[in-house]
Amino acid sequence: MRSLVVLLVLSIIVVGGDRHLNGNGPFGKGHGMGDEPSPHACNRRTGIRSSLKNLNFMYINVSATFYSSNDQITITWTPTLAPCIDDFVGIYFVEIDPLDACGYFDYEFVKKDQSSTLWQMTNLRRKLEFRYYSRDYTCSGNYSLIAKSPVVEPLNYNEPTHIHLAYGDRIDLIYVSYLTNSSEYIPQCQYGLSPLSLSLRENGTTTTYTASDMCEEKANIWGPQTFIHPGYMHTILLEDLRPSTTYFYRVGTDQHGWSQIYSFTNRPANKDESINLIAYGDLGLSPVELGAKSTINRVTSRIISTNVTCLLHIGDISYARGIGALWDGFMTQIQPISARVPYMVGIGNHEYDHVTGGDKDPSGASGPGGFRPKWGNYGSDSGGECAVPMVRRFHSPSNGNGLFWYSFDVGPIHIIYYSTEHDFRRQSDQYQWIEEDLRSVNRSRTPWLIVGSHRHMYTSESEYPIDLIKLMLQLYLEPLFYKYHVDVNLYAHRHSYERSCPMFQHKCVDD
């Protein structure tokens, strides 16, 4: 059995940490708040108002006016002799006021002599257009709209997108989820043991959310850089699946169309089976979050080339933080992974933390901002989302508190997700659930025990001021994990990879 430890260690890809860019980029254009001069400098509530006097000065052409998710569109224009350093091409809903330069979803600065740029498209289920804005008055005034492109729109507004899998309550259950623009028809999954014979069919359910479901700003404000309608999330529960068996499937409807055919292999039932897990945290959307693209590429390659059983994303999922379009970009980004292996998520500060609006908190935590002890540094890191978008999109076994804490078995491994954003002290509901779950683990059937949470219990990084949450995790949960002989504790939050010896109270231990 010791070989399983080596296999797990080699299969764990950790992208930890909580330092990141803070830019908008659902179409693959990344920007940091330090970009100067930048359209980010405008007042997003009013925008920079300007005239349309130069609208016929240039023309923007597009390589396609219809697209599917992840298609690339090249836009071209007549270059100006000397563009300002912060001239930019942005992408907009067509109904956004042309005088509102800062009403974009994404943008790219224009360089000298540049006349084209490539955009990777995310299906936002609406008509879009590209616009070229330039600064007035020798590059120091307001923006003027110089040109705009023909309208570009989805080839299929109800294209099944955001496809992802998750484990259910039993080994024979798998959730299959996807998203479309409409809830008009009952969502379906066709599946079978061969891509040429999808003879089985299951119907699903549909949900969505709106700005009023969020806890606070900016997530509850309508706008291209805040809340947009997220579409409709569909979920189908597949039952009676055989362990260690590969299934082929597609999702959609006859009326709206079907996805391509994907495959997944159900988890094994035998404790002697080899398991490959991939784990990471703090992924976010490329290129807004550095490293996301290379991580996705490496993980996708690993899934295609080896038998990966499932993936653990240990909090800080999309870094949307109230920008609805970033959820679209993120879910599109992970689909090559999440449509092939169960994508099991845990809660992080950037999904959950909020200060007000506690009556809308899907975790049921008490108080306007949930768990906010004096020694904590819990803020408003979710941008007002308070986990609503995450809870409506992802699924988990129902043995705990939704996505906030739950557990599941994968072959010889029992995995527990717990939340460092919620009360974990001894008298809390979460602590008592964790202890009961640990106590009930059958180590003969699942000899390996892994726990995962977003914030770290240990790190070698210098911290000033000292992280008191870390010390409290050591005080309350470390003795519990030691008592029940937890084998591996996975953390994220810090954007670096570290591993340690088996540890208890800051010392290496044999057991």
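Here are a few things to note about the model shown:
- Helix-only mean residue ellipticity at 222 nm for the chain, each DSSP H run of n ≥ 4 adding -39500 (n - 2.57), per residue, nearest 500: -4500 deg cm²/dmol
- K271-Q474 pseudo-label distance in nm [points 7 Å out on the Cα-to-Cβ vector]: 3.4
- Placing +1 on each Lys and Arg Cβ and -1 on each Asp and Glu Cβ, with no other charges, gives the chain a dipole about its Cα centre of roughly 540 debye.
- On the basis of the beta-carbon distance and an R0 of 22 Å, W222 and L99 show a calculated FRET efficiency of 0.75.
- Remark: for residue pairs K148/K218; K218/K374; K218/K293; K374/K507; K111/K293; K148/K360, the C-alpha separation exceeds 32 Å in K148/K360.
- Rounded to whole numbers, the Karplus 3J(HN,Hα) couplings from phi for segment 64-72 are 7, 9, 10, 8, 10, 4, 6, 5, 10 Hz, using 6.51 cos²θ - 1.76 cosθ + 1.60 with θ = phi - 60°, and x at Gly and Pro.
- Positive contributions from Lys and Arg (+1) and negative ones from Asp and Glu (-1), summed over other residues with Cβ under 12 Å from the Cβ of Y232, come out at +2.
- Selection among S263, N158, H395 by position relative to the dipole of the chain gives S263 as farthest towards the positive end (Cβ unit charges, Cα centre).
- Additional length obtainable on full extension of the chain from L118 to S496, 0.36 nm per residue less Cα span: 133.0 nm
- Its relative contact order, with pairs defined as Cα atoms under 8 Å and 6+ residues apart, puts segment 258-383 at 25 percent.
- Of all DSSP bridge pairs formed entirely within the chain, close to 75 percent run antiparallel.
- Cα shape, the chain, gyration tensor, a/c 1.5 rule: prolate
- Within-14-Å neighbourhood charge of D172 [Cβ basis; K, R +1; D, E -1]: -2
- With a Förster radius of 22 Å applied to the beta-carbon distance between T205 and E239, the computed FRET efficiency rounds to 0.95.
- Gap separating the Cα centres of segment 129-193 and segment 238-252, nearest whole Å: 26
- Q72 versus S305: modelled label distance in nm, points set 7 Å from Cα along the beta carbon direction: 2.2
Every number here is computed from the coordinates shown, using simple stated rules; none is lab data. All values derive from a computational prediction rather than experimental measurement. All Cβ positions, glycine included, derive from the backbone under ideal geometry; neighbour counts span all protein chains shown.
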